[in-house]
Amino acid sequence: MTSSVRQSGFTLVKVMLLSTMASVVVFTSMKDTLVQERLSGNFQKDLNSRLQAEKGVFASADDLNDYVNANTGATADQLLLAKPGLNHGTHADGQYATQHSKVTNADGTVSIEVASLGQKYGLDAANNMVAMFKYTEAVYEPIFKNAVTGCKGVNLSGSGLVDSYDSRNGTYEQTKSSNGDVNTVIGDADVVLSGHSPIEGDVKASGILYLKGSSPVIGDVQSNTGIDISHGGGLRVKGNVLTQGFVIHRGGDISGVVRANGNVEMLWGADILNEQKEALDIQYGGTGKFEVATEHSQDGIYYSAEKFNVNPNVEAVRVYDPNSPDYDPENPDKECDPLALPANMPNVIDENNNYSDFKVGAQQVFDFTPHVGEFTQGQGKKLNSTETNIYLFDINKQNHGRTNNEGTEYAFGMKNVNIGSDGVVNIDGGINGGDVIWLIDGDFTMGGNSRLNIKDKSSLTIFVTGKVNLGASAQVVTEKPGITKSGWGTFSIFSSYRADPNDPSQRNKPGVKVSGTSSLYAVIYAPMTSISMTGSGQFFGTVRGATIEAHGGSGVHFDEALKDLKIGSGGTVKTPAKLVFDGWRYKHPEAFSDTDNEGAGDTQ
């Protein structure tokens, strides 16, 4: 009996122990399940927030790329100004907020940082991501890349030398070189070289190129229509003769080769030297007429032989083709006027302005300084001190009023400007330099013994709607020619003048005249009118007009530094801007906050 009781008690204890152990296992399992469930929920929330952060990065990337594709010339700063970031979503559904910022890398390249904060149920689940996109800014076709650009024609009949130099590296005498190119860019526009004007550079004509002078072209000559070389001896072209049309070679030497898609005619005394020893002296796709068979031959084979009568497929001189996809019907003269100056001028000069004439008479002295915004005569007199802002080509904001900022660009509005007799105007930006802008809604004239002095580190840029006349005795003195540290040319004239086609008295009359006897450094941009250069002073810089007529002894010396001159958003994009994913970057979570994303940008 006792043994049976003891056995029953032991069994009961066993059962109780097993029940306790089972309960512990059950409770432990329940706890683990709860923990796993919470972990799974947290993981799901974290995953959702991460997906929101990724969604923000992708949305920002699409937004930035859409802007870059639509604005191929945008800078990184312009991109970020237009697209600072995005906000999207609600508290419950999941949301993201992104911030876009510019990062300058150690190698000088630029990246766009997209910092994205993804959230699910607010701060219950938040995830931060940073993506880097390498930003390559657009490469522009330089607006100023030739010594002389006569969009619809060039006629150089003087004796002045056309060549180049680089003001960044020294004076003209120290850096002069042979990149003084001359060209036309519209339709069948001819180039006529009829004086004793040596051209040290390439000459390109969209029409016919006439070489009538006695001085050679030190470079290639190229034409879409044909090349006509007059009678004469000695070196005529130190380079190649290239055309999609005909060649008539009446005399003298071509040091390179001849390539013509059309007919070729060579007269007695005309030679091709082929100094670079190319396989063929000449190739032509049309008919060949050679006056002296023995002279017009290569290695005993006459130029009339079949081996020379092969079309070389010479490329065309670039012209603005109305059938091209880039053609802009609102600006048909775009190739001549890449800045679209007449269209943009109302943004620069208010058509309903109340400007007054500005005249500098005998022995009067006026000082323009961008720091105090006034010009002075005696005790001083303020000119147009209204506090407003103007925009040059929708990009460069100018202060049109009083300012005390060093180096600030300052714009003065005037009607007609006449600096005459012994009048003097000084442009002085002070120790740190500064840029002065004249907005002239009328004509700009310098006559008599007038003088315009532009101090070192300073510049004067003139936007003018009327005619420009720089008289014979007028002087524009630039202490340091070239480009200022702020990116402006030392002295520049941008003219939107176009003669009234219904006024016969204005027909064929130049809108810009340069007849000075003193040297002049300038950028002259007048694509809608003719430019006449008849002085004996040397011209340094660049000139661009509808047509260019140059007589007398004035040479043109292209400043190659002006290839880097940028103004507004003008110019032709050669290589568009590009945004490329460049990897992920860790950013400490504290760098992200709700405050950072307040007003982060557009709402989508």
Take the residues of segment 564-584 that are open to solvent by 30 Å² or more (accessible area, probe 1.4 Å) and at pLDDT 90 or above: which is nearest to Ala138 (Cα to Cα)? Lys578
Listing of strands (runs of 3 or more DSSP E) fully contained in segment 232-305 that carry 3 or more residues being under 19 Å from Val317 (Cβ atoms) and touching a Phe, Trp or Tyr at 6+ places or on another chain (Cβ under 9 Å): 258-260
Please go through segment 397-419 and pick out each residue that is modelled with pLDDT under 90 and part of a loop (DSSP other than H, G, I, E, B). Gly401, Arg402, Thr403, Asn404, Asn405, Glu406, Gly407, Thr408, Glu409
Could you run through segment 493-508 and say how many residues are loosely packed, with under 14 Cβ neighbours inside 10 Å and in a loop (DSSP other than H, G, I, E, B)? 6
Scan segment 210-235 and report the pairs whose first residue is closer than 19 Å to Asp188 by Cα and whose second residue is among the basic types (Lys, Arg) and crowded, with 17+ Cβ neighbours inside 10 Å, with Cβ atoms within less than 7 Å and a gap of 6+ or a chain change. Leu211/Arg236; Gln222/Lys204; Ile229/Arg236; Ile229/Arg250
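Rundown of residues vs (1) closer than 21 Å to Leu161 by Cβ; (2) out of contact with any Asp or Glu (no Cβ under 9 Å at 6 or more places or on another chain), yes/no style:
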site: Thr484; (1), (2): no, no
site: Gly487; (1), (2): no, no
site: Arg498; (1), (2): no, yes
site: Ile524; (1), (2): yes, yes
site: Gln538; (1), (2): yes, yes
site: His557; (1), (2): yes, no
If I go through segment 249-270 residue by residue, how many of them are open to solvent by 40 Å² or more (accessible area, probe 1.4 Å) and among the hydrophobic types (A, V, I, L, M, F, W, C)? 1
Hits in segment 46-68 (condition: farther than 15 Å from Met132 by Cβ and either touching a helix residue (DSSP H, G or I) at 6+ places or on another chain (Cβ under 8 Å) or without any contact (Cβ under 8 Å) to a residue 40 or more places away in the chain (or both)): Leu47, Asp62, Asp66, Tyr67, Val68
So Ser178, is it surrounded by fewer than 20 Cβ atoms within 10 Å (Cβ to Cβ), among the small types (Gly, Ala, Ser) and assigned by the TED database to the domain that holds Arg250: no
Qualifying residues in segment 421-444 (those that are under 13 Å from Val476 (Cβ atoms) and of a type in the set (Val, Ile, Thr)) - the one most open to solvent (accessible area, probe 1.4 Å): Val424
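For (1) among the hydroxyl-bearing types (Ser, Thr, Tyr); (2) closer than 26 Å to Phe558 by Cα; (3) touching a Lys or Arg at 6+ places or on another chain (Cβ under 7 Å), each residue gets a yes or a no:
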position	(1), (2), (3)
Val182	no, yes, no
Gln222	no, yes, yes
His231	no, no, yes
Val237	no, yes, no
Asn263	no, no, no
Leu267	no, no, yes
Glu275	no, no, no
Ala293	no, no, no
How do the strands (runs of 3 or more DSSP E) wholly within segment 100-162 filter down when requiring 2 or more residues that are touching a helix residue (DSSP H, G or I) at 6+ places or on another chain (Cβ under 7 Å): which remain? 110-120, 125-136
Subset of segment 174-214 [within 15 Å of Val154 (Cβ to Cβ) and touching a His at 6+ places or on another chain (Cβ under 9 Å)]: Gly180, Gly195, Gly213
For segment 445-490: of the residues being part of a loop (DSSP other than H, G, I, E, B) and among the aliphatic types (A, V, I, L, M), which is most open to solvent (accessible area, probe 1.4 Å)? Ala472
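Is it the case that segment 511-531 has a residue that's touching a helix residue (DSSP H, G or I) at 6+ places or on another chain (Cβ under 7 Å) and open to solvent by 30 Å² or more (accessible area, probe 1.4 Å)?
No.
The values are calculated or read from the model by the stated rules, or taken from the named source; none is laboratory data. Because the structure is a prediction, the values reported are computed rather than measured. Backbone-built Cβ (ideal geometry, glycine too); neighbour counts: all protein chains shown. Side chains are part of the model used for accessible areas, which takes the heavy atoms of the whole protein and leaves out ligands, DNA and RNA. Shrake-Rupley method; radii C 1.70, N 1.55, O 1.52, S 1.80 Å.
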